[in-house]
Amino acid sequence: LAVASPATVSRCGMIYMEPNSLGYDVLFQSWLATIPKALGNRAKAILSKLFDDYVPNVLPQLRRYYTEPLPTVNNCLVQALLNLLDTFLAEYEEHDDGKEKKSPEQIAEFVMKLEPVFLFCLIWSMCCTVNSNSRKAFDAFLRTEMLAKGAKNGPPVGKSIYDYKFDVAKGQWIDWNSSVAPYVYDSKLSFAELIIPTKDSICYTYLLDILVRNRMHVLMTGPTGTGKTVNILGHLQNGFPEKYIPVTISF
């Protein structure tokens, strides 16, 4: 399509629009129509306001001032945000599989937590593709944005926005290192088999887990030797129920 004329494209039975011409609001509006009906119009209004408050400011800031080791496209980042949000909204879908439906009180309680849930998803979709130096600047920028928008439940001050996970059950932000059980040394393992959890490995494994469980694609990038393969394979082989069968392909 990059070298095809409009006539050629039309013969493929499609209409091609450049991402810049299409914009990202159409993605959000289409997604908004698919969120669980149980959450109601109030959830839609809150999500719409949060999207309008942050996304139009975050994307230009990212493009103008920050460095991405792996370049991204705006619409792709918006879709990543929506995918992450879906992982939190999925349990409020109404299915005929015998699962107990959420009570109105549980739904109302979750709707009250939409702001921190949205901010968490924003951080780990649009704000996380930059390098370490840009992350420091992004941290300061997003905190300023949250202050300007009157955010009531953002990541605690004192550490970076990248140091926290939002725990929906507890309704509070917690340090990544506090979100898992303390490491226990297994003397039966060889040195090469020892994997000591770090803040980064805990964070990325968590994101991998919730995305894969919700049938989302994941691309994990980073410099050589940072443990990407070890963490991915370790979690695919031991972190999921038996119905998940990992297939490893080497390129």
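The values are calculated or read from the model by the stated rules, or taken from the named source; none is laboratory data. Computed from a predicted model, the values in this text were never measured in an experiment. Neighbour counts run over all protein chains shown; Cβ positions are idealised from the backbone, glycine included. For the accessible areas, the whole protein counts, side chains as well, though only heavy atoms, and no ligand, DNA or RNA atoms are used. Shrake-Rupley method; radii C 1.70, N 1.55, O 1.52, S 1.80 Å.
Taking packing as the residue-averaged number of other Cβ atoms within 10 angstrom, the listed peptides 233-246, 142-155 run from highest to lowest as 142-155, 233-246. Residue ranking by accessible heavy-atom surface, 1.4 Å probe, largest first, among Asp175, Asp52, Asp186 comes out as Asp52, Asp186, Asp175. Rounded to the nearest 0.05, what FRET efficiency do Ser190 and Asn133 have when you use their Cβ-Cβ distance and R0 = 51 Å? That gives a FRET efficiency of 0.90. Applying a threshold of 24 Å to the alpha-carbon distances of Lys102/Lys149; Lys37/Lys113; Lys165/Lys188; Lys159/Lys199; Lys136/Lys165; Lys199/Lys243 flags Lys102/Lys149; Lys165/Lys188; Lys199/Lys243 as lying beyond it. Charge dipole (Cα centre; +1 on Lys/Arg Cβ, -1 on Asp/Glu Cβ; no other charges) of the chain amounts to roughly 400 debye. Just checking the listed ones, Ser179, Ser160, Ser21: in the Gaussian network model of the chain with Cα springs under 10 Å, the one fluctuating most is Ser21.
How many percent of the accessible area of the chain is carbon or sulfur, using a 1.4 Å probe? Ligands and nucleic acids excluded, carbon and sulfur reach 56 percent.
Applying the Karplus relation 6.51 cos²θ - 1.76 cosθ + 1.60 with θ = phi - 60° to the range 45-57 yields 3J(HN,Hα) values of 5, 5, 5, 4, 5, 4, 4, 5, 6, 10, 4, x, 9 Hz, where x marks Gly and Pro.
Which of rounded, prolate, oblate describes the range 1-136, given a ≥ b ≥ c as roots of the alpha-carbon gyration tensor eigenvalues and a/c under 1.5 marking rounded, otherwise prolate only if a/b is larger than b/c? Cα axes put the range 1-136 in the oblate bin. Using a/c under 1.5 as the rounded threshold, could you call the range 172-251 rounded, prolate or oblate? The axes a ≥ b ≥ c are square roots of the C-alpha gyration tensor eigenvalues, and prolate needs a/b larger than b/c, oblate otherwise. Rounded shape, in that the Cα axes give a/c under 1.5.
Once every Cα of the chain carries one equal point scatterer and solvent is ignored, give the base-10 log of I(q)/I(0) from the Debye formula at q = 0.08, 0.11, 0.12 Å⁻¹, two decimals. Log10 of I(q)/I(0), two decimals: -0.38, -0.72, -0.85. Mean sequence separation of contacting Cα pairs (under 8 Å, at least six apart), scaled by the length of the range 58-169, corresponds to a relative contact order of 37 percent. Applying the Karplus relation 6.51 cos²θ - 1.76 cosθ + 1.60 with θ = phi - 60° to the range 100-111 yields 3J(HN,Hα) values of 5, 6, 5, 6, x, 5, 5, 5, 4, 5, 5, 4 Hz, where x marks Gly and Pro.
Rg/Rh for the range 71-159 stands at 1.06; both radii use Cα atoms, and Rh follows the Kirkwood definition. A 1.4 Å probe, protein heavy atoms only, puts the accessible area of Tyr206 near 50 Å². Amide H to amide H, with H built 1.01 Å from N, Gln172 comes under 5 Å of Asp167, counting only residues 5 or more places away or on other chains. Taking every DSSP helix (H) stretch of at least 4 residues in the chain, weighting each as -39,500 (n - 2.57) and dividing the sum by the residue count yields a mean residue ellipticity at 222 nm of -15000 deg cm²/dmol.
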